[in-house]
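Everything below concerns the one structure shown next.
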Amino acid sequence: MKTVKPLYVYVFWSESGDIEDKSLYTFINFEDKARRVAAAIPANSGYAKTKIKLITSDGLDHGHLRLDLATDDDTGVESRIMTMRRHKMNGTTDHDAMMVKYIDSIDWDWMPDDWESKS
């Protein structure tokens, strides 16, 4: 299993006015901004759909992810990946189910060892 680091996030579009369309963010900056956007959307109040491309240290194109940023939904890329893994473990699918196989083949150096306990 190879180790891959997330480096950048390219935003195709976002319903959030705080995340700019067609913009490149460092992974850290995007996660920070996504968490702030999600925290500003109360539970059961909708979400800010955001279509991104994760750019990693292996240089490969891993497809696109859609984040549903809200307090009670995705709070960034890390939470989206944990949700996809949880769906796989439960035998269910979601809108990014095709990415699960790739995500499970990577030793994400930033993924907490206890990610399952956070789900």
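Taken together, the values in this text are just the output of simple stated rules run on the coordinates, not laboratory data. The structure presented is a predicted model; accordingly, all values stated were derived computationally and were not measured. Counting neighbours? That spans all protein chains shown, and the Cβs are built from the backbone with ideal geometry, glycine included.
Which links in Lys22/Lys53; Lys33/Lys53; Lys53/Lys88 stretch past 19 Å when you go from one Cα to the other? Show your work: numbers first, answer last.
On the way: Lys22/Lys53 11 Å; Lys33/Lys53 16 Å; Lys53/Lys88 21 Å.
Beyond 19 Å: Lys53/Lys88.
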Neighbouring Cβ atoms within 10 Å as the yardstick, rank Thr83, Thr26 fewest first.
Thr26, Thr83
